[in-house]
Amino acid sequence: MTPAAAIPATTWAIAHEALVATLRDLIRIPSINPPPAEAPDGETRVARYLAERLTALGLRPEVVEPVPGRGSVHARLRGDGTGGEPFLLLSHLDVVPASADRWSHDPFAADVADGYVYGRGAVDMKGMIALELGVIERLVEEARAAGLDPATDPIPGLRRDVLFTCTADEEAGSIDGARWIAAHRPDWLQAAGAVNECGGVSVTVGGRRLYPIQVAEKGFAPYRIHITGTWGHGSMPRADNAAVLAARAIERLAAPGAIRITPVMTRFLEAAADALPREAATVLRRIAAGELDAASADVAIDGLCDPMYARALRALIRDTISPDIVHAGVKYNVIPGDATIEVDCRVLPGTTEPQMRAEVERRLGPDLLPACEIELLVWGEPVESPAHGPLWDILVATLLDHDPDAIPLPVMVPFATDAKATATLGVPTYGFSPLRLDPDERFLERFHGVDERVSLEALRFGLPILYDVVRRFCG
Ligand SMILES: [Zn+2]
């Protein structure tokens, strides 16, 4: 019997309707990052909307705005203090831009169609904000039913405080959001553990329902590489044309590199192998054991799964380099003497920035390197939380209680989240926004993609799970 099972189904049905309404409200406030000139304060408007909702519940939320328009919001529910440090419900309230012409629904209308809520932020990550607020609302109602004031009294049954923190600027490196909060308002984040985006979402492979829970994420080291050639007349081609040198550099940098299986990915591959048919399992076990070289592993992965998952998996077993910006040239008949390329390097836990830079230099090679000046743009440390311990055990057990066929497993993600900021405070942060998806739903492509959407059924599944996780970890 889970804590959620003690609550009548009619109560959950009402809570679900409220959650969907919240999500639609959130989507209809475009909180685009980078903020567009015509709506520069979307994040603050979402933060204020949430603050109003929390105030209406009788709580005392706070909004910070380190830069005008870039608001974040926070509220705290009290436990009786006997259970240790708080539990953090973390989310970000900004979204990436969406170009409406390619969508089948207006990205900011929050249409409900075919059992889905459509809109930018549906999965990344206003759906999770709505789930978290839904849990806060349940806990507040339980306090009120016991005749308590939720702003000051401990919530019945909670031994730890519950923090609800919703940040700006996650989609652009968290500078004006979680990183600012970690430096100036660490009390908004300091916790024994946190749940955040990018995990706890079902992935159906070979008829089995896997639930990867994010415990680790890669670091990032984007570089700008200035390439120097010689200016000249286009009628007399030169070998040291900077555009030609840049093309050669890009070719070398973009080649897939060597593989390295980190402990989290070893566990992921072995757990996935246990769940999958024998042929796939054999491949995954050989990759986990380091028996395949990079080229053979890539071929094996491509034969194993959908290209969407294959791309992710190939990125999770190596440091990657993606050349994403190229600038050279001023006129068709002028040989460019300068070129600039920018490369997005993503590093596994255990790879340092100097090691990544050394790899970039090695790939450029002794012939190109003298023409290149390498500039680090920003560094983001990889993070890793333990895939064991009380919170991990609760996440796994709760998923199994609600979906007995669930196969929870730890995973790394190739991109960055606010977990980079909570890691600086030592808060173990798990990607766990519980959703049980239709087997054919191409969830990974919804992130930052066209027709971003989340199903009503997935949200209905997630709310009692998140409630149980809070009740169990704080009880
Ligand atoms: Zn996100």
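Laboratory data are not the source of any read-out in this text; all were calculated from the coordinates shown. Just so it is clear, the structure is predicted and the values come from calculations on it, not from any experiment. We place every Cβ from the backbone using ideal geometry, glycine too, and count neighbours over all the protein chains shown.
Basic side chains Lys and Arg get +1 at the Cβ, acidic Asp and Glu get -1 at the Cβ, and with that the dipole of region 158-216 about its Cα centre reaches some 420 debye. Shape analysis of region 219-376 based on the Cα gyration tensor places the equivalent ellipsoid semi-axes at 39, 16, 12 Å, largest first.
Taking the chain on its own, what percent of its Cα-Cα pair distances exceed 36 Å?
Considering the chain, 33 percent of its Cα-Cα pairs are separated by more than 36 Å.
If you put +1 on each Lys and Arg Cβ and -1 on each Asp and Glu Cβ, how big is the dipole of region 236-297 around its Cα centre, in Debye rounded to 20?
It works out to roughly 140 debye.
For E141 and I7, the difference between the fully extended length at 0.36 nm per residue and the C-alpha to C-alpha distance is 47.0 nm.
Ranking W12, G219, I155 by Cα position along the charge dipole of the chain, where only Lys, Arg, Asp and Glu carry charges on their C-beta atoms, puts G219 farthest toward the positive end.
The magnitude of the dipole of region 219-376, with charges of +1 and -1 set on the Cβ of Lys/Arg and Asp/Glu and taken from the Cα centre, is near 80 debye. With helices as the sole contributors, the chain gives -11500 deg cm²/dmol at 222 nm; each DSSP H run of n ≥ 4 counts as -39500 (n - 2.57), and the sum is divided by every residue. For E85, what is the net charge nearby, where nearby means another residue's Cβ is under 14 Å from its Cβ and Lys, Arg count +1, Asp, Glu -1? After counting each charged neighbour, the total is +1.
Of all DSSP-defined beta bridges confined to the chain, some 65% are antiparallel rather than parallel.
For V205, the amide hydrogen comes within under 5 Å of the amide hydrogens of L210, counting only partners 5 or more places away or on other chains and with H modelled in the peptide plane.
Note on K218: lysines with a C-alpha under 21 Å away, same-chain residues under 8 apart excluded, are K420. Compared with the direct C-alpha span, the chain from D367 to H233 gains 45.9 nm at full extension, assuming 0.36 nm per residue.
Candidates V63, S385, V469 compared by Cα position along the dipole of the chain: farthest toward the positive end lies S385, with charges placed on Cβ. With neighbour counts taken as other beta-carbon atoms within 10 Å, the residues V63, V396, V162 rank, fewest first, as V63, V396, V162. By the count of neighbouring beta-carbon atoms within 10 Å, fewest first, R362, R160 end up ordered R362, R160. Ordering G200, A272, P439 by the projection of their Cα atoms onto the charge dipole of the chain, which places +1 on the Cβ of Lys and Arg and -1 on the Cβ of Asp and Glu, puts A272 at the extreme positive end.
For region 325-379, the Stokes-Einstein estimate of translational diffusion at 10 °C and a viscosity of 1.306 mPa s comes to 120 µm²/s, using the Kirkwood hydrodynamic radius over alpha-carbon pairs.
Of Y467, Y49, the sequence from fewest to most neighbouring Cβ atoms within 10 angstrom is Y49, Y467.
By the rule of a C-alpha distance below 21 Å, with chain neighbours fewer than 8 residues away ignored, no lysines are paired with K331.
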